[in-house]
Amino acid sequence: MEKTLDKARLNDWVAALGKTGNWEVHAPALEDGVWTYQPVESEVSLDHPNTKQPPKGFAFPQKEIFFSFEQIKGEPARLTEVKPQAPQCAVFGVRPCDGRGTVRMDRVFTDHVADPYYNARRKNVAYVGLACNVTPAPTCFCKSVGGSPVSSEGLDILLTDLGDKYFAQAVTKTGEALMAAADKLFAKVSPADKKSVDKAHADALAQPQRAVKDAAGAPAKLKAAFDSPLWEEMARACIGCGICTFLCPTCHCFDINDEVTGSTPLKGNRVRTWDNCQFPDFTMHSSGHNPRENTGARLRQRVSHKFRYFHENFGMLQCTGCGRCVSECPVGIDIVAVVNKVAEHVG
Amino acid sequence: MSEQQAYEPKIVAFLCKWCSSAGSDLAGVSRIQYPANATPITVPCSGSVSPMYILSAFKKGADGVLVSGCHIGDCHYMEGNFLARRKLHLVKELLGFIGVEENRFRMSWVSAAEGGKYAQVVKDFVEDLRPLGPQEKLKAQRT
Amino acid sequence: MINIQDIRDTAKDLLAKGEVRGVIGWKAGTRGMDAEPVVITAPEQADELVWDPTCYHNLALYLVEDRKFLAHARKNADKPIGIVAKGCDARAIVVLMQENYFKREDVYIIGVSCENTGVVAEHKLARQLSGFAASAAAFAGDEFSFTTAKGEKKVPAREVMADRCLECRNPFPKEHNATLGEDKTGRTLAAPFAALAKFEAQGGGERWDFWERQFDRCIRCFACRSVCPMCYCDECVVDSIEMKVLPDTTAEEKANRIRWIERSADRSENITYHMTRAMHLAGRCVDCGECERVCPVNIPLRLLNNKMEREARERFGYEPGASIGGPSLVASFRDDDPGDFIR
């Protein structure tokens, strides 16, 4: 379903979703110089570059309680399942790279094992995307990894900014329902609108971006370069902070811990939290041995997971070219340069 | 109609073994009446009290934290309380800096002979904490 | 103005003569306008070195990494390592030497003076550019210009300069083997501790509201800790991971292992972490500002450490990183240390 929406009507749509549809609306907002997703009542303005944090937190929050436990001494422990509070969320302003990121997260948490916590939340989140028909950020590289600034993969609706109005393309049934919730605000698509959006998309695709030179060949090249001393050299400046991983739309490793909140009686929660393969102790064994004990091995791990292992397991690259790991790395480690350098080195 | 229970502040008191802890014992054997709000934890020296103990006590829900040691010049380990004076001054400043009420963290010098003083310190602390209400800022939220 | 060729020639010379086994410095980055840290080992590589207001990094961190690498490999360095160091970086090196992390003769300090300028504060720049990234920059004296997707923007240097540079009185590496640039010790572009004073003008309630918001935003990526040269502990006290699990370790022992903070990035855990770190850095932090720069969610961490630094200076007459033989702040005392707050 395709419709148009006057820009002046955007806030009305958001307000309608909140009232009639019981949707919690989230949109990018600028606070202290950082663009993050914030809950909104009715005011959404879609003029952000991209958010600092990707939208993966809606279905995969940084902290998830699995169950709570209580044990009175001498008695067996009592476990109480904690079902995720999964309100209906409509997330506005999601860029195509993050939409494709969602596709990858979904594969991880539904393919072999359907994670009940992820899925309980996921089925209640709708992504209203925004096409990137502006100059890309200097660190964007979606095109060279199979994506596009106008891709609708993983999104429920794709909005394209046509100046005075948005071209709204519903991609899923949920997207259609979101638009139907404020049906009167939307207008039919005219031939001129169709021409505008086609031109906007063509222009967007024509914008130059940095590029991973040969993403298709990356899996084989990374395999060949596994033992190369190049990794330690490229990771020389890495400080092991983990920002790249926490801000990545597809990184999903987690840790599970029991967090004790009371001792008599013993009480606590089993909690899943984001974990980070760039932390030095990520692969620390209880014996004290660490198979990935230097930054080179850990850089190799992350890059290979994106460009090789995920491809081997799921038939697609895990990296969607959002560029956050590149722009946010405090010391300038650049996954595009890394993959290109490896390919060049292997020849 | 049920009677509303007056709020009773919970105090965690780190007492050095050589002076303050002994002082609190003296208060006990002398049958000095004082509020029972303080949970005493004996440490070898006030200088051994790490800022982490204090933060941990607040995180666990303590309404007030007291560190008490030997008088200056009387430390069993010579310098311990000098170091405590400096280090815990910094802790106090840092707590106030992030907006935690100043009265929640306190230090005292109480010798083994000062049972009466110990009782007074606790009594004063409880009275100063009562109007502040329960400590919520640093307390871990139980889910 | 330092001529970049002088930095390159100094490094080249040291390497060619075999006086150092490497030089830690900055080179141009691949992703946009920033410089990035580099360790060069061959004289030809010296031509890669750069020096500009995007050389934010405290390279003393890489001295720590180098030392850890040597310790782990059980090797001894046969030669010192060279390092290009700003005033703040040099002070960090002094603190590390004060703590016997390495000896003075292990490091060859090529000091560079910031003279009358300083590094760009990425957070301030982000505000000026509404969150859009700069692909290129030009730094001409008092005016910097940045190119983004929205075009070029000129900004007065002072408006995007890091607070720590504005407030710095020692833009010159006191500890050094060689120096480049004029000594502008004593300069004041802004009052020392200006940002701190501005914050402290608020009352207790406002202070808490401010910090509550900051600590709620923290994602516990630990970038602040990772980037700090002074956070060199092999196991940080808040991680509590070093528990050897043997065949006879009981479930109870595992459950009761010391854990100062939980894994969850909850507010109480975040506060404990940040305050512990501020205490552990009291008297050691030299205000290089890196912790604040690297924070992905813009928490003004420098304020916490600055507070400790001002207490150290004003209350205890202590200056971090002043002299290699000096005592540490919290392991020393004076007879007249304030004690009025003690009952």
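The values are calculated or read from the model by the stated rules, or taken from the named source; none is laboratory data. Because the structure is a prediction, the values reported are computed rather than measured. So basically every Cβ, Gly included, is an ideal-geometry build from the backbone, and we count neighbours across all protein chains shown. Areas reflect the complete protein model, heavy atoms only, side chains present, ligands, DNA and RNA absent. Shrake-Rupley method; radii C 1.70, N 1.55, O 1.52, S 1.80 Å.
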Output for segment A:22-39, where each listed residue is of a type in the set (A, V, I, L, M, F, W, C) and under 20 Å from the mean Cα position of the chain (by Cα): A:VAL25, A:ALA27, A:ALA29, A:LEU30, A:VAL34, A:TRP35
Quick one: would you say C:SER264 is closer than 19 Å to A:GLY240 by Cβ, touching a Lys or Arg at 6+ places or on another chain (Cβ under 8 Å), within 11 Å of chain A (Cβ to nearest Cβ) and free of Cβ contacts under 8 Å to residues at least 24 places away in the same chain? no
Inspect all residues belonging to segment A:157-164 and state whether any of them is open to solvent by 70 Å² or more (accessible area, probe 1.4 Å) and without any contact (Cβ under 8 Å) to a residue 12 or more places away in the chain. no
If I filter segment A:278-301 down to residues being surrounded by fewer than 23 Cβ atoms within 10 Å (Cβ to Cβ) and within 21 Å of the chain's Cα centre (by Cα), which single residue comes out as farthest from the other protein chains (Cβ to nearest Cβ)? A:GLN301
Pick out the one residue from A:ALA192, A:ALA216, A:ALA206, A:ALA202 that is out of contact with any helix residue (DSSP H, G or I) (no Cβ under 6 Å at 6 or more places or on another chain), within 23 Å of A:ARG107 (Cβ to Cβ) and surrounded by fewer than 14 Cβ atoms within 10 Å (Cβ to Cβ). A:ALA216
Here the qualifying pairs (Cβ atoms under 6 Å; residues six or more apart or on different chains; first in segment C:230-253 and in a loop (DSSP other than H, G, I, E, B) and of a type outside the set (Asp, Glu); second open to solvent by 50 Å² or more (accessible area, probe 1.4 Å) and modelled with pLDDT of 80 or more) come out as C:VAL238/C:TRP260; C:SER240/C:ILE258; C:SER240/C:ARG259
Exactly one of C:ASP66, C:ASP47 is more than 9 Å from every other protein chain (Cβ to nearest Cβ), out of contact with any Lys or Arg (no Cβ under 7 Å at 6 or more places or on another chain) and among the acidic types (Asp, Glu), and that one is C:ASP66
Exactly one of A:ALA343, A:ALA337 is away from every other protein chain (no Cβ under 14 Å) and over 20 Å from the mean Cα position of the chain (by Cα), and that residue is A:ALA343
Can you pull out every residue in segment A:191-207 that is without any contact (Cβ under 8 Å) to a residue 40 or more places away in the chain and of a type outside the set (Lys, Arg)? A:PRO191, A:ALA192, A:SER196, A:VAL197, A:ASP198, A:ALA202, A:ALA206
Could you list, ordered by first residue, the pairs with Cβ atoms under 8 Å in which the first is in segment C:194-210 and facing another protein chain (nearest Cβ under 7 Å) and the second is in a helix (DSSP H, G or I) and of a type in the set (A, V, I, L, M, F, W, C), at least 6 apart or interchain? C:ARG207/B:PHE97; C:ARG207/C:PHE199
Does segment C:277-286 include one or more residues that are open to solvent by less than 10 Å² (accessible area, probe 1.4 Å) and either within 30 Å of A:SER287 (Cβ to Cβ) or part of a helix (DSSP H, G or I) (or both)? yes
Members of segment A:77-118 found to be open to solvent by 40 Å² or more (accessible area, probe 1.4 Å) and within 23 Å of A:LEU17 (Cα to Cα), listed by number: A:GLN85, A:PRO87, A:GLN88
Quick one: C:GLU36 ticks every box in (1) without any contact (Cβ under 8 Å) to a residue 40 or more places away in the chain; (2) part of a strand (DSSP E or B); (3) over 30 Å from A:VAL212 (Cβ atoms) except a single one, so which number is it? (3)
When segment B:63-97 is examined, which residues are found to be within 7 Å of chain C (Cβ to nearest Cβ) and closer than 30 Å to C:TRP208 by Cβ? B:LEU83, B:ARG85, B:ARG86, B:LYS87, B:HIS89, B:LEU90, B:VAL91, B:LYS92, B:GLU93, B:LEU94, B:PHE97
Restrict the check to segment B:23-40 and report whether at least one residue is more than 30 Å from C:ARG267 (Cα to Cα), open to solvent by less than 50 Å² (accessible area, probe 1.4 Å) and touching a strand residue (DSSP E or B) at 6+ places or on another chain (Cβ under 7 Å). yes
Looking at segment A:35-56, can you tell me whether even one residue there is among the hydroxyl-bearing types (Ser, Thr, Tyr), within 14 Å of another protein chain (Cβ to nearest Cβ) and in contact (Cβ under 8 Å) with a residue 60 or more places away in the chain? no
If you scan segment A:230-259, which residues turn out to be at pLDDT below 95 and either among the aromatic types (Phe, Trp, Tyr) or open to solvent by 60 Å² or more (accessible area, probe 1.4 Å) (or both)? A:GLU232, A:GLU233, A:ARG236, A:ILE256
Residue in segment B:122-135 that is nearest to the other protein chains (Cβ to nearest Cβ), counting only those that are open to solvent by 10 Å² or more (accessible area, probe 1.4 Å) and part of a helix (DSSP H, G or I): B:ASP124
Among the residues that make up segment B:98-120, is at least one of them at positive phi, more than 10 Å from every other protein chain (Cβ to nearest Cβ) and out of contact with any strand residue (DSSP E or B) (no Cβ under 7 Å at 6 or more places or on another chain)? no
Give me the pairs: first residue in segment A:4-20 and within 12 Å of A:ASP183 (Cα to Cα), second residue open to solvent by 20 Å² or more (accessible area, probe 1.4 Å) and assigned to a helix (DSSP H, G or I), beta-carbon distance under 7 Å, and six or more apart or on different chains, which are they? A:LEU5/A:LEU185; A:ARG9/A:LEU185; A:ASP12/A:LEU185; A:TRP13/A:LEU185
Only one residue in C:ARG293, C:ARG277 is at negative phi, within 11 Å of another protein chain (Cβ to nearest Cβ) and without any contact (Cβ under 8 Å) to a residue 60 or more places away in the chain, so which one is that? C:ARG277
Sole miss for A:GLU75 among (1) touching a helix residue (DSSP H, G or I) at 6+ places or on another chain (Cβ under 7 Å); (2) of a type outside the set (Lys, Arg); (3) outside the structural domain of A:GLY154 (by TED's automatic domain parsing) is condition (1)
Regarding segment A:52-59, can at least one residue be identified that is modelled with pLDDT of 95 or more, closer than 30 Å to A:VAL145 by Cβ and part of a loop (DSSP other than H, G, I, E, B)? yes
When (1) part of a strand (DSSP E or B); (2) open to solvent by 70 Å² or more (accessible area, probe 1.4 Å); (3) within 19 Å of B:ARG85 (Cβ to Cβ) are applied to B:PHE14, the one that fails is (2)
Test: residue in segment A:282-296 that is modelled with pLDDT of 95 or more and among the hydrophobic types (A, V, I, L, M, F, W, C): no
